[in-house]
Every structure is written in structure tokens, then in C-alpha cells.
Amino acid sequence: MSNSESNLNNLVSTFDTLNEIREQSLSISREIVRACSKSIRYMHRNDAKGSEEFINTAKEKIDKLNRLSSEVSEISYAGYVLDAEREFVEAVMFYSFEVNGIIEPFANFNVHASSYIQGIGDTIGEWRRKALEHLRNLEISEAEKYLNIMEESIGILNELDYPDALTGGLRRYADNARSIIERTRSDITNAFINESLRKDISKISKNEL
């Protein structure tokens, strides 16, 4: 076998291995995204047990994905891997606040730092949905709890003054999060005013009777 043939065979063998790992990690990433999406849906239905089951499934897949990507550094920073990590952070963050009332710390995740902060940004959207759900039921104080956690979360993002190349586009996430928070604050304020007016009108009506 000539040197050229040997060199080519080595390259083919290397790329075959890389491609196999890529296909496996891509499949696992999709499974993580599906599990996290289901976890969030269950949590919106106030089914914490069902949500936790899908989080546990996603956690197993994340660990498997990390083992695979550790073999090939190129895979570790692939877009689909980072997307899966971000979805995992969002699902866990949403679950943790609903069940324990906390922002799950970065140290509890085995993900890239950029995936963690992007996951926080995505979770703010889920918290807005919960706030609006409570507003529809005239549960203003409950809605305010979600506004408070949203503001606490954006506070974390605002403190991270690093280039987008490191944070994965934090400025865009932070700008979007601020917009969501402002809309939520406005919705809560309007709901409070409307409820106050309703109570005042009700009192006047009773006095007239």
C-alpha cells in the first residue's frame, strides 16, 4: 500500500468515526428537545410528576450526549447540541420554579455556560404564559410572582457583560426578555386597575341599593 493510499484510508476511517458520532449525537439531541417540550407542556397543566419524568429522561440523554461529544470537540459546540442544552435548561428552570420556587443554579447543570443563560431567556417566555394564565383568573398576586422571577432572571443576564461570541448572542436574548417583561408588567398593571375599578363600581352599586 502506497503512502497516499494509507493516508487516505486514515482520513476515511477518521471521518467515518466522526460521522457516526455526529449521527448519534444529532438523534439524541432531537430526543432531548422532544422530552423537554413535553416536560414544559405537562408543567403548564400543573402536572409536576409528569413533567419530572420527562426531565429525568432528558437528563439521561444529556449525560449520554456529553459522553459522546467529549470524544470529539467539534461535536460539543455543534448547533444542535447547544440547542438541546438550552431546551434542557428551560425545562428544568421552569419545573424548579414551579415546584421549589427557585432559579436552578448553573452549577447543577452539565451544559455550556452560554446554553444556561440562553435557557434563562427562553424560560422568561414560559413564565409570562403562567402570569397571563393567572391574570385571566384575576389572580393578580400570583401573576406578580412570575413577574418577580422574570425580573430576577433578567438581572442575571444584565450582569454578564461579555462578547456575543462567548455568550451565544446574549444581547439579543436579553433584549427580547426585557420586552417580554415590560409587556407582562403592563398587563399586570392594567389588570390591577381594572380589578380596582370593578370593585369600586360594585361598592357603589351596593350602596345605591
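Here's the picture: charge each Lys and Arg Cβ at +1 and each Asp and Glu Cβ at -1 in the chain, and of I102, A165, S2 the one pushed furthest to the positive end of that dipole is I102. Using C-alpha pairs below 8 Å separated by at least 6 residues, the relative contact order for the chain is 16 percent. Report the net charge of residues surrounding G101, where surrounding means a beta-carbon distance below 12 angstrom and charges are Lys +1, Arg +1, Asp -1, Glu -1. It works out to a net charge of -2.
As I understand it, the value is the acute angle between the Cα axis of helix 48-71 and the longest principal axis of the Cα atoms of the chain; what does it come to in degrees, rounded to 10? Roughly 30 degrees between the two axes.
As I understand it, the value is the acute angle between the Cα axis of helix 140-158 and the longest principal axis of the Cα atoms of the chain; what does it come to in degrees, rounded to 10? Roughly 40 degrees between the two axes.
With R₀ fixed at 22 Å, the C-beta to C-beta distance from R183 to I102 puts the FRET efficiency at about 0.35.
Where the only charges are on Cβ atoms (+1 Lys, Arg; -1 Asp, Glu), what is the dipole of the range 13-136 about its Cα centre, to the nearest 20 debye?
Values: 16 positive and 20 negative charges, 108 e Å.
Computed charge dipole of the range 13-136: roughly 520 debye.
Look at the alpha carbon pairs under 8 Å that are at least 6 residues apart: their mean separation over the length of the range 68-192 gives a relative contact order of 25 percent.
In a simple Cβ point-charge model (Lys, Arg +1; Asp, Glu -1; nothing else charged), the range 112-209 has a dipole of about 360 debye relative to its Cα centre.
Each Lys and Arg Cβ is given +1 and each Asp and Glu Cβ -1; about its Cα centre, the range 1-83 then shows a dipole of about 540 debye. Any idea which of N19, N194, L132 is furthest toward the positive side of the dipole for the chain, if Lys and Arg beta-carbons carry +1 and Asp and Glu beta-carbons -1? Most positive-ward Cα: N194. Peptide packing: for 152-165, 46-59, 91-104, the average count of neighbouring Cβ atoms within 10 Å per residue gives the ranking 91-104, 46-59, 152-165, highest mean first.
Taken together, the values in this text are just the output of simple stated rules run on the coordinates, not laboratory data. Keep in mind that this is a model prediction, so the values were computed, not measured. Backbone-built Cβ (ideal geometry, glycine too); neighbour counts: all protein chains shown.
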